[in-house]
Amino acid sequence: MFVLIALGAALAGFAFSSTADRLRDRGSEQAPVVGAPAPPQRGELDWRESYGPSGQQLVFRVEWLEVTRDGWAARIGLENRTSVAYSVGDPRATLDRAFGLMLFSSGELAELERRNAEGNLPRVRAAQDYEPELPAVLEPGAAWEGTISAPGALAAGAWARVVFGALTAVGKVPEGLEEQVVWITDSAYRLRS
């Protein structure tokens, strides 16, 4: 098991080459973020992050994140501005399809970097519902926008990052891009108590 960091432009975020084991957080030594459940709330986020060199980018958007009495939901978007198609597929088909949330103890990008380098990322709180469904393949120039959601409490005071992936290239990958990408947002939202 290993995680490769693909660096884009400054502050452009992290794309991780993933395996099913990494996203299941098998062997994580650090305890997950725990605490009292966050009450219902909604954060209007308008995050836009991209991965890849100019002219060959995947664009990730998070419009909002909402905590409900029974779980959470997020409005997200994904745009393929590369010259290669990316397989997105059925998110429930394999364990490496893990769109969802990761909870961190801080909103600092350094924590994400450190935990990735240590191979100690938090487990993904995987989305269970997609509206509309994810496409099987995101062709060059295509985009998807929808709401992802899942039941389950989130810890108040934790910092939530949205996870997109895994996206797998269908064909030869342009220079500067990885064949498999899991995007964890640079931006983080603090869950209020």
Members of segment 178-192 that are hydroxyl-bearing (Ser, Thr, Tyr) and outside any loop (DSSP other than H, G, I, E, B): Tyr189
Residue count for segment 40-57, restricted to those that are over 12 Å from Tyr189 (Cα atoms), in contact (Cβ under 8 Å) with a residue 24 or more places away in the chain and surrounded by 13 or more Cβ atoms within 10 Å (Cβ to Cβ): 7
Any hit, segment 144-153, residues being more than 22 Å from Ile76 (Cα to Cα), out of contact with any helix residue (DSSP H, G or I) (no Cβ under 9 Å at 6 or more places or on another chain) and surrounded by fewer than 23 Cβ atoms within 10 Å (Cβ to Cβ): no
Conditions (1) surrounded by fewer than 18 Cβ atoms within 10 Å (Cβ to Cβ); (2) in contact (Cβ under 8 Å) with a residue 24 or more places away in the chain: number failed by Glu131: (2)
Any hit, segment 84-93, residues being free of Cβ contacts under 8 Å to residues at least 40 places away in the same chain and farther than 23 Å from Gly52 by Cα: yes
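Would you tally the residues in segment 5-39 being at pLDDT 50 or above and under 16 Å from Leu101 (Cα atoms)?
Going residue by residue through segment 5-39, those that are at pLDDT 50 or above are 33-39.
Applying the additional criterion that residues be under 16 Å from Leu101 (Cα atoms) yields 33-34, 37-38.
Going through segment 5-39 one residue at a time, the tally reaches 4.
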Output for segment 131-177, where each listed residue is over 30 Å from Arg42 (Cα atoms), touching a Gly at 6+ places or on another chain (Cβ under 9 Å) and in a loop (DSSP other than H, G, I, E, B): Pro174, Gly176, Leu177
Residues located in segment 76-105, provided they are at pLDDT below 95, in contact with a strand residue (DSSP E or B) (Cβ under 6 Å, 6 or more places away or on another chain) and surrounded by fewer than 19 Cβ atoms within 10 Å (Cβ to Cβ): Ser87
Matching residues, segment 57-73, being modelled with pLDDT of 95 or more and of a type outside the set (Val, Ile, Thr): Gln57, Leu58, Phe60, Arg61, Glu63, Trp64, Leu65, Glu66, Gly71, Trp72, Ala73
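Please tell me if Leu138 is out of contact with any Pro (no Cβ under 8 Å at 6 or more places or on another chain) and more than 16 Å from Gly71 (Cα to Cα). Lay out the reasoning, then the answer.
Numbers: out of contact with any Pro (no Cβ under 8 Å at 6 or more places or on another chain): yes; more than 16 Å from Gly71 (Cα to Cα): yes.
Criteria met by Leu138.
The values are calculated or read from the model by the stated rules, or taken from the named source; none is laboratory data. All of these numbers come straight from a predicted model, not from anything done at the bench. Neighbour counts run over all protein chains shown; Cβ positions are idealised from the backbone, glycine included.
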